[in-house]
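What follows draws every value from the coordinates through simple rules; no lab data is involved. All values reported here derive from a predicted model rather than from experimental measurement. Methodologically, a virtual Cβ is constructed for each residue, glycine included, from the backbone with ideal geometry; neighbour enumeration extends over all protein chains shown.
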Amino acid sequence: MKTLYNIRIMLAVMLFGIVAACEDDDKIPGASYDAGVWFYGTGTVIKQNKFDMDEFNKIFSGFYSFYFFPGVEEHTFELPEIRLMGKPVDYDREVNLVAGEGSTAVEGEHFIIEDNVLPANAVSFTPKVLLLKKNLGDEEKIVKFVLEPSEEFPARVFGDTVSDDKTFLISLRYELKFSNLVSEPPYWSQCGIFGDWSRVKFDFMYEKLGKYWGVEPVSPADRNYMYDDLLRMRRELQLWQEEHPGEKMLDENGEQVTF
């Protein structure tokens, strides 16, 4: 089954490459029966019959801030699953995962690639990167990871596209941003009942609740606790206003903080 799966992927990628090559011969690699690797993703990027590159970039990007995890000095971050185009073999193979042009993070100083090996007889694996806090300072770092061809994986898979059956996404790149700075957490969109995010609101919530919302995905079981915390924050804001008569709590953008 694994062999049939990989043949299907190879044919899908090759077929798309052949069709797309009619549009731009300079950008599309020729069909290849060599092994190759690519980042696997899922999501809706076809909107009104058009490819939405902004949505695609969101899917193949990540964020981490040590600000949300006091006391943590290093963190292992999992990149998207890397999949094989071709047949598995009976020995481990290292994938050529590199920090591409435009990266501001320095390997060995700000991050270390912990796992970039496709195991023997495997058709996929999840690469891991160790993020280091000590040298970050007050600046956000960016790593623009790229999958480059290598001796073991010489084929150039056609990336930044949707599979021919529109069931998954294919990319050769992934952008990771990380820092010590406070910024909108990755799952704040799931915390809509608190209103728009701001640093002042977020810090006020942590001061009163002792926890951060939006750093982790919100589960159905969390929603009752979220509503309880919303009521509590409304009360805390009311108490603040009673202590500061005639004043409004303003955020860093000059907007009034509300819940």
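When peptides 164-176, 140-152 are sorted by average Cβ neighbour count within 10 Å, with the highest value leading, the order is 140-152, 164-176.
Got a sec? Which residues in segment 204-229 would a label at Trp240 touch, if it sits 7 Å along Cα→Cβ and we count backbone N under 16 Å? Within reach of a label on Trp240: 204-213, 229. Its Cα centre serving as origin, the chain has a Cβ charge dipole (Lys and Arg +1, Asp and Glu -1) of approximately 720 debye.
The protection proxy used here, the mean number of other Cβ atoms lying within 10 Å of each residue, ranks peptides 221-231, 79-89 as follows, highest first: 79-89, 221-231. A convex hull fitted around the alpha carbon atoms of segment 88-199 yields 158 Å³ per residue. Put simply, when 125-138, 232-245 are sorted by average Cβ atoms within 10 angstrom per residue, most first, you get 125-138, 232-245.
Scanning the chain for helices, which whole DSSP H stretches are 27 Å or more long along the axis (Cα) and average 1.0 or more by Kyte-Doolittle?
2-21
Considering only Phe77, Phe111, Phe69, the Gaussian network model of the chain with Cα springs below 10 Å gives its largest mean-square fluctuation to Phe69.
For the chain, what does the relative contact order come out to in percent, with C-alpha contacts under 8 Å and a separation of six or more?
21 percent
When semi-axes √(5λ) of the Cα gyration tensor in Å is calculated for this entry, the matching label among (i) 47, 17, 14; (ii) 43, 21, 17; (iii) 25, 23, 20 is (ii).
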